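Novice: There's a structure below that I have some questions on.
Each reported figure results from applying straightforward, stated rules to the coordinates on display, with no laboratory input. Here the structure is a predicted model, which is why all the values come from computation and not from measurement. As a convention, Cβ positions derive from the backbone with ideal geometry for all residues, glycine included, and neighbour counts pool all protein chains shown.
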Amino acid sequence: MSEGESQTVLSSGSDPKVESSSSAPGLTSVSPPVTSTTSAASPEEEEESEDESEILEESPCGRWQKRREEVNQRNVPGIDSAYLAMDTEEGVEVVWNEVQFSERKNYKLQEEKVRAVFDNLIQLEHLNIVKFHKYWADIKENKARVIFITEYMSSGSLKQFLKKTKKNHKTMNEKAWKRWCTQILSALSYLHSCDPPSSMGT
């Protein structure tokens, strides 16, 4: 399969991003502003962190390095597994996503459609849409998988963020809601303005 690639550098800003799914281009979810706290790690935590940082695999071009630490992508249909990875050119973390095909022939039957979907996703350029960087196929004797690299949003989706705030009995002010709505609408408007328009997942 031919490889698609983007030249866009990852955004490190705190604005929410719309996520586009591999199974439904333009499927949307939003990541909230990043907030984090740091504390001293115990020896056990440091050892676990080292294990998670272990490099399991590299992209064919050597730019992206898959690590052991998994990323929760349950809200994105079609993704079988996702891991943190390092972009060795930009020095930032990205997500290494994998879509598995049970048999090689199943992939071959859908290869043209898969290529069209990912070629379309890689062309998307918007501040509030999660960036797709590259994809490739890994075909073995009996199995196949498609691997694609996306921008890493450390806060997760808006749904995940709101669950956390609800659990902690916190509420978001009206200004935050207005900002998120404006950014979502901006991303949706962009997707519909594409030629051809990107369809929205349900």
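Novice: Which lysines, on any chain, are close to LYS140 with Cα under 16 Å apart, when same-chain ones fewer than 8 places away are left out?
Specialist: The reachable lysines, counting only those whose Cα sits under 16 Å from LYS140, are LYS105, LYS108.
Novice: I've got another one for you. Each residue of region 176-184 in turn: what ³J(HN,Hα) in whole Hz from Karplus with 6.51, -1.76, 1.60 and θ = phi - 60°, glycine and Pro shown as x?
Specialist: Those phi angles translate into 5, 4, 5, 5, 4, 4, 4, 5, 4 Hz.
Novice: Quickly work out the GLU112-to-LYS178 label distance, labels modelled 7 Å from Cα along the C-beta direction, and quote it in nm with one decimal.
Specialist: So the label points at LYS178 and GLU112 sit 5.0 nm apart.
Novice: So, one more: Quick check: convex hull over the Cα atoms of region 52-154, volume per residue in Å³, rounded to an integer? Walk me through the intermediate numbers first.
Specialist: Working: hull volume 11.7 nm³, N = 103.
Convex hull volume per residue, Cα atoms: 114 Å³.
Novice: Grab the beta carbon distance between GLU58 and LYS164, set R0 = 30 Å, and tell me the FRET efficiency rounded to 0.05. Could the numbers behind the result be given before it?
Specialist: Numbers: r = 33 Å, r/R0 = 1.11.
Calculated transfer efficiency: 0.35.
Novice: Sequence gap at least 6, Cα distance under 8 Å: using those rules, report the relative contact order of region 52-154 to the nearest whole percent.
Specialist: Relative CO of region 52-154 lands at 22 percent.
Novice: Can you list residues from other chains, or at least 5 along the same chain, whose modelled amide H is less than 5 Å from the amide H of HIS133?
Specialist: Residues meeting the amide H criterion: ILE149, THR150, GLU151.
Novice: Explain nothing, just the number: dipole magnitude of region 52-154 about its Cα centre with +1 on each Lys and Arg Cβ and -1 on each Asp and Glu Cβ, in debye rounded to the nearest 20.
Specialist: In total the dipole reaches around 480 debye.
Novice: May I pose another question? What residues have an amide H closer than 5 Å to that of GLU69, excluding those fewer than 5 places away on the same chain, when H is modeled at 1.01 Å from N in the peptide plane?
Specialist: Counting only residues 5 or more places away or on other chains, the set is LEU84.
Novice: Where does the Debye-calculated log10 I(q)/I(0) of region 156-195 sit at q = 0.17, 0.19, 0.26 Å⁻¹, using only Cα point scatterers of equal weight, no solvent?
Specialist: Values, matching the q order: -0.57, -0.65, -0.90.
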